[in-house]
1. On the basis of being out of contact with any helix residue (DSSP H, G or I) (no Cβ under 9 Å at 6 or more places or on another chain) and modelled with pLDDT of 85 or more, does residue 295 make the cut?
2. Can you list the helices (runs of 4 or more DSSP H) lying wholly within segment 180-279 that have 3 or more residues being surrounded by 17 or more Cβ atoms within 10 Å (Cβ to Cβ) and in contact with a helix residue (DSSP H, G or I) (Cβ under 6 Å, 6 or more places away or on another chain)?
3. Run residue 100 past the list (1) surrounded by 13 or more Cβ atoms within 10 Å (Cβ to Cβ); (2) within 28 Å of the chain's Cα centre (by Cα); (3) at pLDDT 80 or above and report the number of the one that doesn't hold.
4. What are the pairs with Cβ atoms under 7 angstrom where one residue, in segment 328-350, is not assigned by TED's automatic domain parsing to the domain that holds residue 318 and surrounded by fewer than 21 Cβ atoms within 10 Å (Cβ to Cβ) and the other, located anywhere, is at pLDDT 75 or above and in a loop (DSSP other than H, G, I, E, B)? Sequence gap at least six, or different chains.
């Protein structure tokens, strides 16, 4: 009986009903992920433009609100501020472009003189015996590497022109987005708050107001530091005798303040190069002045100016700039600072705050040591 029962075939096991459904859901999720990734890739430039527009809107809205409080319509006030920013950016770019083009043409026209003076300076300083004429012949050789380099750059004129046109279209797109975000700001906020309860509306409006304050404070503090930097650099460049001291001073002020971490070094390249073409000694003086001023700004000016406008820890600012630059490049480095300040403000206002206990590890000032006279009196 047991032998007969052992020979009875076991019925085949059926696939659980959830397995086909799980397979279908897996492939649907996989395909949806691919489609979403491709869509995000195609719209990444649009998202960046929208992010820049939002940053510009938050920065300009305090000024628009002040004009609106004085009787201006929001559309007129927004248009005035955006046109002012647009004209300032175009004027600055045109001035720097003209300066660079003029100096480049002067360098080509007087290259023999510049090469001779530079080689003489190197020979006198380092005791070398470099022949200036050999370098002049190398630069003037029509089949040499220098002339080939300039010839190859001429083929890129069309590409640069198309790039400039694309950049202009992007600027116009950013301006248009920012205009609608600012002029229709109250209506946009009403539309958002209309979907939320009263408590959530307070949170959303508080965060929005904090974002406006931090972004506006960032622009204000950077602009003020740029103005101070441009003023002192103009005095220095005027005294040293560098070409176009006003344009170079404005260049240093703006680039050093609005490009975090590397802005100071990038801003100093142009005046150092132009001063070096005139005199290597002047270039050395420019380097020393920029380095000294940067230290004075870091320890004296910046803490005082940013104390009430952009309260951001130095380590947080440095890390935010690096992270923003890694994600979105130079634009991300610029946008990272007000974003980090906003996040720091939100975290700082979140939850309960308690009184700090008395401990040397949390003391804001180092304890004062008694003077030697007091010690001697106590010892007596």
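The values are calculated or read from the model by the stated rules, or taken from the named source; none is laboratory data. All values reported here derive from a predicted model rather than from experimental measurement. Here the Cβ positions follow ideal geometry from the backbone for every residue, glycine too, while neighbour counts run over all protein chains shown.
1. Spelling it out, residue 295 is indeed out of contact with any helix residue (DSSP H, G or I) (no Cβ under 9 Å at 6 or more places or on another chain) and modelled with pLDDT of 85 or more.
2. Where helices (runs of 4 or more DSSP H) fall fully within segment 180-279 and carry at least 3 residues being surrounded by 17 or more Cβ atoms within 10 Å (Cβ to Cβ) and in contact with a helix residue (DSSP H, G or I) (Cβ under 6 Å, 6 or more places away or on another chain), they are 198-240, 245-258, 263-278.
3. (3)
4. Pairs found: none.
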